[in-house]
Structures are given as structure tokens and as C-alpha cells.
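Please treat every number below as a calculation from the coordinates, not as lab data. Note that the structure is predicted; figures quoted are calculated from it, not measured. Virtual Cβ from ideal backbone geometry, glycine too; neighbours counted across all protein chains shown.
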Amino acid sequence: MSYDAVIFDDDGVLAVPTATDVRRRAVRTAFAEFSVEPTTEGVDSVVHGSIARIRRVCDVHGIDHEEFWKRHEAAAAAAQIEAMERGRKTLYDDVSALSGLDQPMAVVGDTQREAVEHLVDRFGLEDLFEAAYGREPSVEGFRRRKPSPHYLARAVEELGAENVLYVGDSNVDVLAASRAGVDSAFVRRPHRANYELAADPTYEVRSLRDVVSLC
């Protein structure tokens, strides 16, 4: 099928996923700004939790959750940027295949906007992608992450496209694409070898080279 635009998730699609220890360190850094040393359970509630869980952890320590979240987002973006600079977060080799696509392309990730923009800049992808979206550093930005189609819909509008393919590596990517009214391609990277899909994507592929063939 011919698409007039292709949009990609960042973590797990273009770049290797951010290591859990990097994410945990960012949480501890944010809490340290309030002179709080959280438990491991508290840290993981932030790393893997919802706004409700994050708010409960903050309430335990007498911290305003919205102020904490601003600090967390800054620390998380900085930690990911450091991982890129130190070679811990790298691109997948098959990203080079995307130069074979003629359609306009964009990046829409769930990570912080600053981290997504740095990914594009750090690895010289500015000529490849016409737009790059990550979540805003606020509680509202967190609520707008996938499966909300908010940022995906903004990218579709910016590209001026009607027939779009969104490439992701998770259930929330497939669902966000469905809610945005676009097709989806699930990339089964090695870290998703045994991952169970809750809904059927339009396509399931093994690499970005397969995506190029689809388009």
C-alpha cells in the first residue's frame, strides 16, 4: 500500500530502549531535589506508574506532585541525553534504510520532548524527519502520552498527510494509531520477542527494512 507519510516511535523503533537503571536514576535525582530518598518501590511506582500512583508517592513525602513531575522530566531528559552521549543509547542499524523512503517522515515518541529532539540532532536525522514530537514536561504532557493520539495527530496535521503509517513497538502504539485513524506497523525487535499484542496492528514486521518495503 502507498502511504503519503510515515511516522515512527523513538524508543525501541529508532533507538534501543532506555535502560531501566537510567530511568530509575532520574527518579532518584528528582526526589533528591526535595531532600527525599525514596524506597525502591517508590522509585518503580514513578518509573512504571500512572499519575495516580505518582501522586500517592509524592503525598507520602509531602511533595507537590506537579512540581515533582517538572523536576523528574528535566532529570529524565538529561539522563537520556547523557546515555546517548556515552554510547549507551544508540540507533538501530536499520535506521539507515529509511533514506530509501520518499514520503515525509516524523518521530512521535512517549519520551520527553527534549530527549526526542536531541536524538534527532545527535544522530544527524534532521534531513530525514520533518517533525519530532515528545511529551511536554508537565503532568498534562504525561497524560497525553500514548495511547492518547494527541501527539500523533499533531504530527499528521503538521505533515499535511491523509494516508499515514505509524511504526511502533508496543500495544499503546497500535492503539494510538487506531485512535488517530492511521495504519500501524508493529516492529518485533529482540526485546519484544515474546511480547503479546492486545490488538492486531495493520502489519507486523521484523525490521525497518520491512517498513520500507511496505511503503
Amide H proximity to PHE8 below 5 Å, modelled H, separation 5+ or other chain, gives ALA106, VAL107, VAL108, VAL167
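Got the relative contact order for the chain handy, in percent, Cα pairs under 8 Å and 6 or more residues apart?
Working: 352 pairs, mean separation 54.8, N = 215.
It rounds to 25 percent for the chain.
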Counting just the Cα atoms, what span does region 20-85 cover along each of its three principal axes? Round to the nearest Å and put the largest first.
35, 19, 19
Calculate the length of the line joining the C-alpha centroid of region 1-75 to that of region 95-145, in whole Å.
18
Note the listed values [x] 20.0; [y] 13.5; [z] 11.3, then indicate which one is mean projected area of the Cα convex hull in nm² calculated from this particular structure.
[z]
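Tally Lys and Arg at +1 and Asp and Glu at -1 over the other residues with C-beta under 13 Å from the C-beta of ARG71: what net charge comes out?
-3
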Under 1.5 on a/c is rounded, so check that first for region 75-123, then, if it is not, pick prolate when a/b is larger than b/c and oblate when it is not; a ≥ b ≥ c are the square roots of the alpha carbon gyration tensor eigenvalues.
oblate
So what are region 125-215's ellipsoid semi-axes, whole angstrom, largest first, if each one is the square root of 5 times an eigenvalue of the alpha-carbon gyration tensor?
21, 17, 13
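For every helix of n ≥ 4 consecutive DSSP H residues, a contribution of -39,500 (n - 2.57) applies; sum these over the chain, divide by its total residues, and give [θ] at 222 nm rounded to the nearest 500 deg cm²/dmol. Working shown, then result.
Values: 9 runs with 95 residues, N = 215.
The per-residue figure over the chain is -13000 deg cm²/dmol.
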Neighbourhood net charge (13 Å Cβ-Cβ; Lys/Arg +1, Asp/Glu -1) for ALA32:
+2
Counting sequence-distant residues (5 or more places) and residues on other chains, those with an amide H built under 5 Å from that of SER184 are TYR166, THR202, TYR203
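Got a sec? How would ARG55, ARG143 order by Cβ neighbour count within 10 Å, fewest to most? Don't skip to the end; give the middle numbers.
Values: ARG55 19, ARG143 12.
By the 10 Å Cβ count, ascending: ARG143, ARG55.
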